[in-house]
Amino acid sequence: MRHVLTLADLTLAEINRIFAITEDLKQKFAEGVREPLLPGRVAALIFQHPSLRTRASFEALMAHLGGSSIFLGDEAGFKSRESVADFGRVLSEYVDVIVVRAKKHDEVVELAKYCTCPVVNGLTDFAHPCQALGDLFTLRELLGKLAGHKLVSLRGAAAVYTDVWSSMGQEAEREKRLKVFAPYQVNAKLLKHAPRDAYFMHDLPARRGEEVTDEVIDGPRSIVLRQAANRMHAQKGLLVWLLGAKPAAMSKQ
């Protein structure tokens, strides 16, 4: 039984295995095949922050795999109605995997200590391993391999990546951050410093006109929609691997 709280919880060999499953299931998805690899399995989704991509992708992928999901918002009482130990021990009796989007990373680490099923970090103030897996898978699809390529915010990059300047929990710093980060806006002028075939990436949601301009995010170099789509596929590969299922076509691998 494994937890995935940061990308460092996975070895390179394990990431490659997850990507192999991801690639197989994505191809089947494109062909209209929904292989029920997790029949009867249940995922609990604990969210302290709003979500579109993470929540929708996990709910959809569990349905594709023949399982189901339970969304738990504030009413579930995580960190409020009872101890984290009691919360984790009880919830583990009901579900097969827990996905947590929490305000503080330490809270997810604490929860994982008491859970007897895998815990996956769905975003904290420290890490977003599901986003990282989806992004790396996207770049590997487009570049053929990851080795030897750069993912940075400027010159010599295979991809230029940005994010909102004030994220969830940083609203009070918004005005200050707008001034400090203004010179780093990804626009057509800045993108000229990157190779002509460099991709533009963003984890979304984007604040257009702040960290990125419309001409970039909607332009030919942008792969943000592919990133968003691959979130579901990479998470599907992750859960299939975590829960020990094996796609039919890969059963001999």
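The values are calculated or read from the model by the stated rules, or taken from the named source; none is laboratory data. Everything numeric in this text was worked out from a predicted model, so none of it was measured. Glycine also receives a Cβ, built like all others from the backbone with ideal geometry; neighbour counts cover every protein chain displayed.
Which one is farthest from the chain's Cα centre (by Cα), of the residues in the stretch 96-116 that are crowded, with 21+ Cβ neighbours inside 10 Å and part of a loop (DSSP other than H, G, I, E, B)?
Among those residues, the one meeting the criterion is Cys115.
Restricting to the stretch 190-244, what's the tally of residues that are in a helix (DSSP H, G or I) and either at pLDDT 95 or above or within 22 Å of Ser167 (Cα to Cα) (or both)?
Within the stretch 190-244, residues that are in a helix (DSSP H, G or I) and either at pLDDT 95 or above or within 22 Å of Ser167 (Cα to Cα) (or both) number 23.
Within the group Leu190, Leu123, Leu133, Leu178, which residue is buried (at least 16 other Cβ atoms within 10 Å of the Cβ) and more than 24 Å from the chain's Cα centre (by Cα)?
Leu190
Taking the stretch 72-86, which residues are surrounded by 15 or more Cβ atoms within 10 Å (Cβ to Cβ) and either hydroxyl-bearing (Ser, Thr, Tyr) or touching a helix residue (DSSP H, G or I) at 6+ places or on another chain (Cβ under 7 Å) (or both)? It would help to see each step written out before you state the result.
Within the stretch 72-86, the subset surrounded by 15 or more Cβ atoms within 10 Å (Cβ to Cβ) is 72, 76, 78-79, 84.
If the condition is that a residue be surrounded by 15 or more Cβ atoms within 10 Å (Cβ to Cβ) and either hydroxyl-bearing (Ser, Thr, Tyr) or touching a helix residue (DSSP H, G or I) at 6+ places or on another chain (Cβ under 7 Å) (or both), then Phe78, Lys79, Val84 are the ones that fit.
Quick one: count up the residues across the stretch 50-86 that are free of Cβ contacts under 8 Å to residues at least 60 places away in the same chain, outside any helix (DSSP H, G or I) and not acidic (Asp, Glu).
Residues that pass the stated criteria total 14.
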